[in-house]
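*Asks:* Questions regarding the structure given below will be posed in turn.
The values are calculated or read from the model by the stated rules, or taken from the named source; none is laboratory data. Keep in mind it's a predicted model, so treat the numbers as computed, not measured. Because the Cβ atoms are built from the backbone with ideal geometry, glycine has one as well, and the counts that use them run over all protein chains shown. In case anyone asks, the SASA skips ligands and DNA or RNA and just uses the protein heavy atoms, side chains included. Shrake-Rupley method; radii C 1.70, N 1.55, O 1.52, S 1.80 Å.
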Amino acid sequence: AIFAFSLILEPKVKIDGCQMNVHESEKLAGVLEKNGYELTEDKSAADIIVLNTCCIRETAESKILGNLGIVKKLKELNPSLKVAVCGCMTQQKDAAEKLKKRCPFINLIFGTHNIHLFESYLSEIAANENVIDVWEKETEIQENLPIRRDSGLNAWVNIMYGCNNFCSYCIVPYVRGRERSRNPQVIIREIEELLKQDYKEITLLGQNVNSYGNDFGDNRYGFARLLKEVAELPYKFRLSFMTSHPKDFSEEVVKVIAEHPNISRFIHLPVQAGNDRILALMNRKYTVEQYTEKIKTLRKYVPNAGLSTDLMVGFPSETEEEFADSVRLLENIGFSNVFTFIYSRRSGTKADLMENQVDYKVKRDRIKRLIATQFEIGKKLAGECVGKEYEVLCDYCSDGKASGKTECGRNVTFDCGEKNLYGKFVKVIVEKSRNTNLYGRLSEE
Ligand code: 5AD
Ligand code: SF4
């Protein structure tokens with residue numbers, strides 16, 4: 001049997017909470033593979049189509065509805081096709097019932113809390129029963145789901161699930177429940193296994209990795225300790241993590257990074273806004289000054305750190321001056337990469353009930369200006385890399401051309417001659433930059 005597995009979310013390359021969704025798709029695919037299905041690019045040849053949804057912004061949701069339109073046509077052509085919808089979107093209040101009404105052709109709807117039952121749902125729908133099963137509350141962590149990894153040299157590893165932060169704009173705590181940390185021994189065993197299989201980059205995943213272990217009830221095992229223990233596993237690899245909440249990003253963690261050269265120097269630290277009144281309304285629990293201090297500490301211990309962030313425009317009641325503070329923040333800090341978002345109303349969140357929602361046209365205009373500012377900054381920072389040497393993990397190598405990421409998270413393209421460098425760590429000297437792209441040559445050593 002064959003399945004088309006469609007992952008419906010914003011582009012895969014994006015670093016944000018949605019990596020959770022990408023990795024969950026790998027688990028769904030793992031279960032399907034274990035049950036004899038294989039992946040097909042050709043949707044019309046599929047026996048089952050699984051839409052793993054994301055609801056963090058309205059744009060993500062509309063994409064899914066668009067995709068369901070296509071799936072409906074496929075089902076008309078092939079009535080034996082099974083259609084499953086799962087992921088965050090189904091966890092919203094009344095979402096499953098609404099979806100079923102709107103798209104009666106769906107065979108299976110389940111949520112993020114009961115992914116571990118996917119296998120048994122598969123046999124139920126094979127026996128011609130339709131299933132809707134979305135759990136309101138999270139359960140204990142379920143281990144041992146098979147995983148079909150699909151991210152090249154990199155392997156995602158969940159260290160925790162859920163979020164306790166309740167940023168006022170965000171739907172995640174409602175659809176993913178409270179924070180639950182995986183057992184450290186189980187995590188380390190999984191990672192050792194991956195390193196034995198020759199994965200070269202491990203990315204620890206959680207909505208807020210810095211609060212790892214807070215739910216264990218004692219203070220013995222936090223993120224800093226986990227990070228250190230994983231970094232010290234005796235293999236050649238690079239260790240990354242996401243996402244960090246600035247309020248919990250501690251000096252202790254920064255020191256562990258500084259002491260372990262194999263921990264990526266590319267840190268994603270979402271700031272969301274550059275103005276204190278807006279940050280308070282967002283319930284972010286830090287000020288611009290506190291955020292800036294964190295960056296200073298990071299740069300003190302890790303001078304070559306590369307930074308990225310998430311920044312939102314058009315939060316309810318954001319004024320032109322407050323928006324200008326966000327632009328200023330970009331100029332002051334110098335992120336090599338910024339993920340910009342237009343604030344999107346999410347039903348059930350505090351911000352959705354706030355007065356003075358910002359006009360869409362104003363939001364569009366602000367995001368355009370933000371992107372233009374960042375483009376100039378990114379260009380300038382890329383220029384500053386010229387002449388420097390980096391350690392690059394080569395993740396592409398073909399016909400004499402290679403590329404990969406530096407320890408500070410930048411992509412570099414270089415000539416590799418006859419060598420096959422895929423999966424190797426190599427030294428590259430950057431020779432020129434064009435816009436935000438870097439070009440270099442292999443160092444002679
Ligand atoms: N509207 C726009 N962007 C959002 N994000 C989270 N919720 C919303 C929303 N309602 C962004 C934040 C977060 C990233 C994963 O998505 O910037 O860091
Ligand atoms: Fe959402 Fe805030 Fe939790 Fe991130 S930390 S998932 S933005 S509530």
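*Asks:* Which one is nearest to residue 24 (Cα to Cα) among residues in the stretch 90-103 that are free of Cβ contacts under 8 Å to residues at least 60 places away in the same chain and open to solvent by less than 100 Å² (accessible area, probe 1.4 Å)?
*Replies:* Selected residue: 90.
*Asks:* Sticking with this one: So is residue 285 among the basic types (Lys, Arg) and assigned to a helix (DSSP H, G or I) or not?
*Replies:* So residue 285 fails the test.
*Asks:* Now for a separate question. Among the numbered criteria (1) farther than 23 Å from residue 249 by Cα; (2) within 16 Å of ligand 2 (Cβ to nearest atom); (3) buried (at least 18 other Cβ atoms within 10 Å of the Cβ), which single criterion is violated by residue 366?
*Replies:* (2)
*Asks:* Look through the stretch 254-272, keep the residues that are assigned to a loop (DSSP other than H, G, I, E, B) and within 19 Å of the chain's Cα centre (by Cα), and return whichever of them is farthest from ligand 2 (Cβ to nearest atom).
*Replies:* Going through the qualifying residues, I end up with 265.
*Asks:* Another question, if that's okay. Residue 43: touching a strand residue (DSSP E or B) at 6+ places or on another chain (Cβ under 8 Å), surrounded by fewer than 20 Cβ atoms within 10 Å (Cβ to Cβ) and modelled with pLDDT under 85, yes or no? Walk me through it before giving the result.
*Replies:* On the way: touching a strand residue (DSSP E or B) at 6+ places or on another chain (Cβ under 8 Å): yes; surrounded by fewer than 20 Cβ atoms within 10 Å (Cβ to Cβ): yes; modelled with pLDDT under 85: yes.
Considered against the rule, which asks whether it is touching a strand residue (DSSP E or B) at 6+ places or on another chain (Cβ under 8 Å), surrounded by fewer than 20 Cβ atoms within 10 Å (Cβ to Cβ) and modelled with pLDDT under 85, residue 43 comes out as yes.
*Asks:* Among the residues of the stretch 143-159, write down those that are part of a loop (DSSP other than H, G, I, E, B), open to solvent by less than 40 Å² (accessible area, probe 1.4 Å) and β-branched (Val, Ile, Thr).
*Replies:* Scanning the stretch 143-159 gives a single hit, 159.
*Asks:* Then there is this: Considering each residue of the stretch 40-95, count those that are assigned to a strand (DSSP E or B) and touching a Lys or Arg at 6+ places or on another chain (Cβ under 8 Å), and give that number.
*Replies:* Number of matching residues: 3.
*Asks:* Among the numbered criteria (1) modelled with pLDDT of 95 or more; (2) away from ligand 1 (no atom under 16 Å from the Cβ); (3) touching a helix residue (DSSP H, G or I) at 6+ places or on another chain (Cβ under 7 Å), which one does residue 221 miss?
*Replies:* (1) is the only condition that residue 221 fails.
*Asks:* Is it the case, given these coordinates, that residue 401 is under 25 Å from residue 151 (Cβ atoms) and among the basic types (Lys, Arg)?
*Replies:* Here the answer is yes, as residue 401 does meet what is asked.
*Asks:* Given the structure, is residue 315 open to solvent by less than 10 Å² (accessible area, probe 1.4 Å), within 16 Å of ligand 2 (Cβ to nearest atom) and modelled with pLDDT of 95 or more?
*Replies:* So residue 315 fits the description; yes.
*Asks:* Return yes or no: is residue 212 touching a residue at least 60 places away in the same chain (Cβ under 8 Å), farther than 29 Å from residue 34 by Cα and within 16 Å of ligand 2 (Cβ to nearest atom)? Even if it seems obvious, please write down each step before you answer.
*Replies:* Values: touching a residue at least 60 places away in the same chain (Cβ under 8 Å): no; farther than 29 Å from residue 34 by Cα: yes; within 16 Å of ligand 2 (Cβ to nearest atom): yes.
No; evaluated as a whole, the condition is false for this residue.
*Asks:* Given (1) away from ligand 1 (no atom under 16 Å from the Cβ); (2) more than 30 Å from residue 423 (Cα to Cα), identify the lone condition not met by residue 151.
*Replies:* (2)
*Asks:* Which count do you get for residues in the stretch 229-249 that are away from ligand 2 (no atom under 16 Å from the Cβ) and touching a residue at least 24 places away in the same chain (Cβ under 8 Å)? Give the steps one after another, and end with the answer.
*Replies:* Of the stretch 229-249, the ones away from ligand 2 (no atom under 16 Å from the Cβ) are 229-240.
Applying the additional criterion that residues be touching a residue at least 24 places away in the same chain (Cβ under 8 Å) yields 229-233, 235-240.
The total comes to 11.
*Asks:* Let me ask something else about it. Suppose we filter 140, 119, 58 for residues that are touching a residue at least 40 places away in the same chain (Cβ under 8 Å), within 16 Å of ligand 2 (Cβ to nearest atom), open to solvent by 60 Å² or more (accessible area, probe 1.4 Å) and not β-branched (Val, Ile, Thr); which single one remains?
*Replies:* From the options 140, 119, 58, the qualifying one is 58.
*Asks:* If you check every pair at least six apart or on different chains, which have Cβ atoms under 7 Å apart with a residue in the stretch 174-201 that is away from ligand 2 (no atom under 16 Å from the Cβ) first and a residue that is open to solvent by 40 Å² or more (accessible area, probe 1.4 Å) second?
*Replies:* Here the result reads 182/141; 186/143; 188/229; 195/235, each pair linking the stretch 174-201 to a residue that is open to solvent by 40 Å² or more (accessible area, probe 1.4 Å).
*Asks:* Turning to a different aspect of this structure: From the list 352, 310, 359, exactly one residue is under 30 Å from residue 174 (Cα atoms) and loosely packed, with under 15 Cβ neighbours inside 10 Å. Which is it? So that I can check it myself, show each step before the final result.
*Replies:* Working: 352 fails: loosely packed, with under 15 Cβ neighbours inside 10 Å; 310 fails: loosely packed, with under 15 Cβ neighbours inside 10 Å.
Step by step, each of 352, 310, 359 is checked, and only 359 is under 30 Å from residue 174 (Cα atoms) and loosely packed, with under 15 Cβ neighbours inside 10 Å.
*Asks:* Can you name the helices (runs of 4 or more DSSP H) wholly within the stretch 160-253 that have at least 2 residues being within 30 Å of residue 316 (Cβ to Cβ) and of a type outside the set (Phe, Trp, Tyr)? Let's see the steps before the verdict.
*Replies:* On the way: elements: 172-176, 184-196, 223-231.
Passing ranges, in order: 172-176.
*Asks:* Also, I was wondering about something else. Any residue in the stretch 147-165 that's on the phi > 0 side of the Ramachandran plot: show its pairings with residues that are open to solvent by less than 40 Å² (accessible area, probe 1.4 Å) and within 16 Å of ligand 2 (Cβ to nearest atom) at Cβ separation under 7 Å, as long as the two are six or more apart or on different chains.
*Replies:* Close Cβ pairs satisfying both conditions: 162/176; 162/177; 162/179; 162/207.
*Asks:* Hey, another quick one. When the residues of the stretch 263-284 are narrowed to those that are more than 14 Å from ligand 1 (Cβ to nearest atom) and either surrounded by fewer than 20 Cβ atoms within 10 Å (Cβ to Cβ) or among the hydroxyl-bearing types (Ser, Thr, Tyr) (or both), which ends up nearest to residue 239 (Cα to Cα)?
*Replies:* The qualifying residue nearest to residue 239 (Cα to Cα) is 264.
*Asks:* Here's a follow-up. Every residue in the stretch 215-224 that is touching a residue at least 12 places away in the same chain (Cβ under 8 Å) and surrounded by fewer than 16 Cβ atoms within 10 Å (Cβ to Cβ), please.
*Replies:* Within the stretch 215-224, 215, 216 qualify.
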